[in-house]
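Worksheet: one structure, shown below.
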Amino acid sequence: MKYSLPSTSKLLDKAFTFGVATASFQIEGASESRLPCIWDTFCATAGKVRDGSNGDVACNHYNLWQQDVELISSLGVDAYRLSISWPRVMHKDGSLNPQGVNFYIGLLDALNAKGIKPFVTLYHWDLPQHLEDNGGWLNRETAYLFRDYADKITQALGDRVYSYATFNEPFCSSYLGYEVGIHAPGLAKKSYGRQAAHHILLAHGLAMPVLQKNSPHSLNGIVLNFTPAYPLTDSEADNTAAKLADEYFNQWYIKPLFDGAYPDSFALLSDEDKPIIHDGDFDIMQAPLDFLGVNFYTRTVYQAAAGKPFAEVDMLDAPKTDMGWEIYPQAFTDLLVSLHEKYALPPVYITENGAAMPDKLLNGVVNDQDRIGYYQMHLTAVHNAIEQGVNIDGYFAWSLMDNFEWAEGYLKRFGIVYVDYATQQRTIKNSGIAFKTLIGSR
Ligand code: IFM
C-alpha cells in the first residue's frame with residue numbers, strides 16, 4: 001500500500017516536511033489538571049455535542065503521551081503538529097502553571113530527541129472559560145491577554161519549537177463560535193462573529209513580534225482554513241454569489257494579514273454588524289509571516305438567491321466523506337494557485353488535510369480504502385499546485401489519531417490511527433501504513 005506521485009515531485013524530496021496533526025482539547029483529556037475552557041462549558045450544555053460527550057478523557061494523551069510519541073515516530077514523519085492548551089499552562093492570575101508547562105516540555109523534548117520537528121499552535125479553540133466570562137473574543141482585552149500568554153509560554157519553551165502558529169482557523173472560532181453558535185461559546189449574532197474575527201486577527205498581529213523576539217529561529221505564522229466557493233452555473237448572478245461567499249468565509253481572514261483591509265463586501269455589512277476597528281489595527285495584523293498554514297477539506301457550491309447575497313447548494317450526487325463534505329480535490333489545487341496569485345505568500349505548509357470515514361476495526365485491521373483514495377487525490381492536488389508555481393514546503397495529515405471532533409463528539413473518525421476509546425488501544429489504519437510507506441520511500 002503506497003500513495004503514488006511522479007518521481008520528480010517535490011513531495012518526494014527529503015526536504016519536504018511530512019507530518020501528522022492534533023490539537024490539545026481533542027486528544028489530551030485530563031481536564032481536572034487544567035482550568036476549565038469554553039469547550040468544557042459547551043459540552044456540558046445539553047444538545048450542543050451530538051453524542052453528549054466531552055473532552056474529559058478524549059484519547060488520554062496527557063497520560064499516554066510517551067507511547068504516542070513512539071507511535072508518531074513509528075510512522076516515520078518529519079514533524080508533529082500539536083497545540084498548547086492555554087488553560088493548562090496559565091493560572092487565572094496570568095502566571096504560568098509549571099505543571100502544565102512541564103507536560104509540554106517533556107513532550108517537546110521527547111519529539112526533538114527522536115528528530116521530529118514540533119509545529120506548535122498556540123490557540124486551537126480552547127479559550128479559558130474565565131476569559132469568556134469577561135467577554136471572550138468580543139472583548140478587545142482578550143487580544144492583549146493572548147499576547148501575554150504567547151510571551152510567557154514561548155519564553156518558557158525556549159528553543160524546543162520548530163514552528164509556532166498563533167491561531168488555528170480564526171474562521172471557526174469566530175464564525176462557528178460567535179456568529180452561528182454551533183461551536184463554543186455558542187453565541188449567534190452576525191456582529192459578534194465579525195467582532196470576534198477582528199479581535200482574533202488583532203491578537204495574531206500582536207503576538208507575532210513577540211514570537212519573533214522570543215523564538216527568532218522558529219518559523220512563525222498562522223494557520224487559516226479555506227473552503228473554496230464555486231458558482232453552480234456560469235451565470236453572472238451565481239458567479240457574484242460565489243464571489244461574495246468567498247469573501248465572507250475565506251478572504252475575510254487572510255486579506256487583512258496581507259493587504260491590510262477586509263474584502264470589498266465589508267461595505268455590505270450594516271453599521272450594526274461592522275466590527276469596531278481602531279486606527280492602526282491593520283498595521284498590527286500585517287506583521288510579516290515566516291509561513292502560512294493552509295487547512296483544506298472540501299469546497300462549497302453557491303447560487304444566487306432572492307433576499308440574500310448567496311445560497312449554498314447541496315451537491316446531492318457528489319462523493320462525500322462521513323462528515324457529508326464533498327470530495328473535490330481540484331478545489332485544493334485551485335485554492336493554492338489562487339492564494340499564490342492574490343497574495344505575496346511566504347512558504348506555505350498544508351497544516352491539515354484529511355477525511356472522516358466510517359471506519360471498522362476488523363481482526364486488528366482498518367482497511368480504509370476510502371480514506372486512502374482521499375489522500376491519494378489530495379496529495380496529487382498539492383503536487384499539481386507546486387507544479388503551477390506555489391511554494392509549498394510541507395503537508396500534515398489530519399489527524400494522527402481519531403479524536404474529539406467538536407460538535408460531532410466521537411462519532412467522526414479523522415485519524416490515520418484508529419482509537420478504541422474503551423481501551424485506548426491505537427491501531428494504525430491502512431491509510432497510515434500507506435503514509436508511512438510514502439514517507440519512507442523518499
Ligand atoms: O478536527 C478539526 C480540527 O480541529 C480543525 N480543522 C478541521 C478538523 C476537522 O473538522
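Number of residues in the stretch 63-91 that are of a type in the set (A, V, I, L, M) and assigned to a helix (DSSP H, G or I): the value is 5. Note on the stretch 293-325: residues that are crowded, with 18+ Cβ neighbours inside 10 Å and of a type in the set (D, E, K, R) amount to 2. Just one residue in the set VAL366, VAL337 is touching a strand residue (DSSP E or B) at 6+ places or on another chain (Cβ under 6 Å), more than 23 Å from TYR164 (Cα to Cα) and either crowded, with 19+ Cβ neighbours inside 10 Å or touching a residue at least 40 places away in the same chain (Cβ under 8 Å) (or both); that residue is VAL366.
For LYS48, state whether it is of a type in the set (D, E, K, R), more than 27 Å from ILE222 (Cα to Cα) and more than 19 Å from the chain's Cα centre (by Cα).
yes
Suppose we keep only residues that are assigned to a strand (DSSP E or B) and under 22 Å from the mean Cα position of the chain (by Cα) within the stretch 92-120. Which one would you say is nearest to THR142 (Cα to Cα)? This residue is VAL120.
Pick from PHE167, PHE171: which is under 15 Å from ILE38 (Cβ atoms), surrounded by 22 or more Cβ atoms within 10 Å (Cβ to Cβ) and touching a helix residue (DSSP H, G or I) at 6+ places or on another chain (Cβ under 6 Å)?
Matching residue, one of PHE167, PHE171: PHE167.
Scanning the stretch 126-143 for residues that are touching a helix residue (DSSP H, G or I) at 6+ places or on another chain (Cβ under 7 Å), modelled with pLDDT of 95 or more and within 16 Å of the ligand (Cβ to nearest atom) turns up at least one hit. Might you check whether a residue that is within 29 Å of HIS217 (Cβ to Cβ), free of Cβ contacts under 8 Å to residues at least 60 places away in the same chain and hydroxyl-bearing (Ser, Thr, Tyr) occurs anywhere in the stretch 102-109? Taking every residue of the stretch 102-109 in turn, at least one turns out to be within 29 Å of HIS217 (Cβ to Cβ), free of Cβ contacts under 8 Å to residues at least 60 places away in the same chain and hydroxyl-bearing (Ser, Thr, Tyr). Does SER31 fit the bill of being small (Gly, Ala, Ser) and touching an Asp or Glu at 6+ places or on another chain (Cβ under 7 Å)? It is true that SER31 is small (Gly, Ala, Ser) and touching an Asp or Glu at 6+ places or on another chain (Cβ under 7 Å). Of all residues in the stretch 205-220, none that is over 25 Å from ASP259 (Cβ atoms) has its Cβ atom under 9 Å from the Cβ atom of a residue that is buried (at least 22 other Cβ atoms within 10 Å of the Cβ) and of a type in the set (D, E, K, R), 6 or more apart or on another chain.
If the condition is being over 18 Å from TYR62 (Cβ atoms) and buried (at least 18 other Cβ atoms within 10 Å of the Cβ), then the stretch 98-121 contributes ILE116, LYS117, PHE119.
Search the stretch 266-303 for residues being in a helix (DSSP H, G or I) and within 19 Å of LEU244 (Cβ to Cβ), and hand back the single one that is nearest to the ligand (Cβ to nearest atom). Per the criteria, the residue is PHE266. Any idea which residue in the stretch 375-411 is nearest to GLN66 (Cα to Cα), counting only those that are within 11 Å of the ligand (Cβ to nearest atom) and surrounded by fewer than 22 Cβ atoms within 10 Å (Cβ to Cβ)? Here the answer is GLU405. On inspection, LEU64 does not qualify as in contact with a strand residue (DSSP E or B) (Cβ under 7 Å, 6 or more places away or on another chain) and surrounded by 14 or more Cβ atoms within 10 Å (Cβ to Cβ). Restricting to the stretch 10-49, name every residue that is part of a loop (DSSP other than H, G, I, E, B), farther than 26 Å from ASN102 by Cβ, away from the ligand (no atom under 15 Å from the Cβ) and of a type outside the set (Ser, Thr, Tyr). Hits for the stretch 10-49 are ASP13, LYS14, ALA15, PHE16, ALA44, ALA46, GLY47, LYS48.
Only one entry of PHE291, PHE249, PHE258 meets the criterion of being of a type in the set (Phe, Trp, Tyr), farther than 20 Å from THR333 by Cβ and out of contact with any His (no Cβ under 8 Å at 6 or more places or on another chain), and that entry is PHE258. Among residues that are more than 12 Å from the ligand (Cβ to nearest atom), modelled with pLDDT of 95 or more and under 30 Å from ASP126 (Cα atoms), ILE372 is not included.
The values are calculated or read from the model by the stated rules, or taken from the named source; none is laboratory data. The model shown is predicted, which means the values in this text are computed figures rather than measured ones. Here the Cβ is made from the backbone with ideal geometry for all residues, glycine too, and neighbour counts use every protein chain on show.
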